[in-house]
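Remarks on the structure that follows.
The values are calculated or read from the model by the stated rules, or taken from the named source; none is laboratory data. Treat the numbers as computed from the prediction; the structure is a model and nothing was measured. All Cβ positions, even for glycine, are placed from backbone atoms using ideal geometry, and neighbour counts span all protein chains on display. Accessible surface areas use protein heavy atoms only, side chains included; no ligands, DNA or RNA. Shrake-Rupley method; radii C 1.70, N 1.55, O 1.52, S 1.80 Å.
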Amino acid sequence: QLLIRRLETILGGLDQTERSADAAVTLRGGRYVIPVRSTARARVGGIVHDESATRATVFVEPPEVIELGNDLRAAEAAEAREVLRVLRELTDLIRPHQSTIAAAQEMCIAFDDLCARARSAVEVNGFVPEIGAGLRIRAGRHPLLGSEAVPFDLDLYPDEFTVLISGPNTGGKTVLIKAVGLLALLAQSGIVPPIGPHSALPVFTTVFADIGDRQSIAASLSTFSAHVAVLREILEGAGPGALVLLDEIGSGTDPAEGGALAAATLKALTRRRAITLATTHLGALKQLAAETVGIVNASLQFDAETLTPTYRMLKGVPGRSYGLAIARRLGVPSDVLAEAERAVPDAERTLDGLLASVEARGRDLETRAAALETRAAQIDVAQRALADLEQREADLVARDKRADKDARERARQYLLEARKTVEAALGQARAAMSEATAREARRVVEEAIEKTAGRPDGLTAGAADLRVGERVRTGQGKVGVVAEVRGDGRIVVEIGSIRLVVAPELLERVDGPSGRPAIRPSDA
């Protein structure tokens, strides 16, 4: 602080022509200096430690503060030596515990790694797949697309090794095969991939990929020759346990020769039992799955009306390229398109028509399936409502039973009390009445007690053996006709246009057409 104050005093004593307007004490080369104009350097004196880019200003350490600067540097050097001494002592203290500290560091690194993996799994909503049980991906997503990714399902049976994916440009074919490769590599790296539950991934010993344009002027490689070079490496090393990803196989050369080479390559990889995912636009390859065991077609759906991709994968059906349709939407002249359509081979046109009909049929089936799901949901709601009504009816009947039982019990208690009263009265009036009259009074009271202790279940006589056509009353007081007696003992009752399935104990027989209920024993 003393050094800085001295420099500020010296700087403030300079003339305006000798220093800049915003000049201040600064640091150059570890020494505190003041900026002065080059023309005033001789008058100020001292040591020049730096100068500005224009050389109009120099940074000078005046002679009167040189000793203070030296003292500051000496104090800084002493501080550094003291810090070094303390660090050496601390190092000597912990040196015997070096192995423990190293193990703790490794443990912290491992714990941080596990926490990062767990956070990643939660963020991508991933599930741990079953390892080594074939290829079965449920709700798989590309790891880099986040929440915008459209999930896909891919399930390979034990006799399927090659998936040939076709469909329009910008439909997501390349993203799909990249996603499969990344999901497999993430799982083998111990990272939970963005897939759904009940997924399974095999352990791949090697992964081969030919994705993108590998042409190189420096290496004298054209697009096709670069692809062929990669295919050679794949065919030399791919076998059981390998994952092969091929994008636009057979492209870059004559379609006939490129298709033939692609077909031979896919057949060879299939025979070697290498899991292969390939994309193509070649119509000849779309028929390969029907001719070769182990190869299956797949496509990414495309909205034919809007010509926009849906990014949803459909296994077992090849996709259309929609090349001419997309060209028409982009404004290519109609006469050019008409000539192009005439030039399409008959086989390609027939295949495209079949695929269009399959897509239309698929959309129709999806619409019907959605309608059936809606209908099933409505039926389920109705069934739950009916079950709720039956439960409410059962609750009301049970409540009536409890109320009736309570009333009977109270009446019984009243009659028992009445019997005591009658006995007491008879005892007092025994001399005035005959024995026969006393017995008759007792009989009346005993019959009343027995009636109040009647059947507690509330059934009318014969309610448990109802027959078809008999009239019955439900617990809610509605009168209907027995339509069916089921094998499990439950009764089907028709009330107008409504049919109810009711337990027999919840019904009472109704006598006669007037709807009057049968007389219960307790009503006598």
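By how many nm would the segment from residue 395 to residue 64 lengthen if fully extended, with 0.36 nm per residue of separation less the alpha-carbon distance?
108.6 nm
Quick one: Cα centre-to-centre distance for region 462-494 and region 1-56, in angstrom?
Between the Cα centre of region 462-494 and that of region 1-56, the gap is 113 Å.
Pairs of alpha-carbon atoms within less than 8 angstrom and 6+ residues apart define the contacts here; what relative contact order does region 59-160 have, in percent? Working shown, then result.
Working: 33 pairs, mean separation 15.9, N = 102.
RCO, region 59-160: 16 percent.
Relative contact order for region 45-103 using alpha-carbon pairs under 8 Å, separation at least 6, rounded to a whole percent? Please report the intermediate quantities before stating the final value.
Working: 27 pairs, mean separation 12.3, N = 59.
Computed over region 45-103, the figure is 21 percent.
With θ set to phi - 60° and the Karplus curve 6.51 cos²θ - 1.76 cosθ + 1.60, what are the ³J(HN,Hα) couplings of region 29-42 in order, to the nearest whole Hz, using x for Gly and Pro?
x, x, 10, 7, 9, 10, x, 10, 6, 4, 6, 9, 5, 5
Between beta-carbons, use under 14 Å as the cut-off and find the net charge around residue 382, counting Lys and Arg +1, Asp and Glu -1.
0
Per residue of region 386-400, what does 6.51 cos²θ - 1.76 cosθ + 1.60 with θ = phi - 60° give for ³J(HN,Hα)? Whole Hz please, x for Gly and Pro, Karplus curve as stated.
Once θ is set to phi - 60°, the couplings for region 386-400 become 5, 4, 5, 5, 4, 5, 5, 4, 4, 5, 5, 5, 4, 5, 4 Hz.
With a 1.4 Å probe and all protein chains kept in place, how much accessible area does residue 410 have, in Å² rounded to the nearest 10?
130
Provide the solvent-accessible area of residue 108, counting protein heavy atoms only and rolling a 1.4 Å probe, rounded to the nearest 10 Å².
Answer for residue 108: close to 80 Å² accessible.
Rounded to the nearest 10 Å², what accessible area does residue 414 show when all protein chains are kept and the probe is 1.4 Å?
My reading of the accessible area for residue 414 is about 150 Å².
Less than 11 Å Cβ to Cβ from residue 68, Lys/Arg counted +1 and Asp/Glu -1: what total charge do the surrounding residues give?
Charge balance in the 11 Å sphere: 0.
Which cross-chain or sequence-distant (5 or more) residues have an amide H under 5 Å from the amide H of residue 195, H modelled 1.01 Å from N in plane?
127
Which order do 280, 170 take by accessible area at a 1.4 Å probe, largest first?
170, 280
Going from most exposed to least, what order do 166, 189, 120 have by accessible area with a 1.4 Å probe?
Solvent-accessible surface, decreasing: 189, 120, 166.
Quick one: order 293, 44, 468 from most to least accessible surface, probe 1.4 Å.
Largest accessible area first, the list is 293, 468, 44.
Using modelled amide H (1.01 Å from N, peptide plane; none on Pro or chain starts), what sits under 5 Å from the amide H of residue 207, excluding residues fewer than 5 places away?
The list, which skips near neighbours in sequence, is 243.
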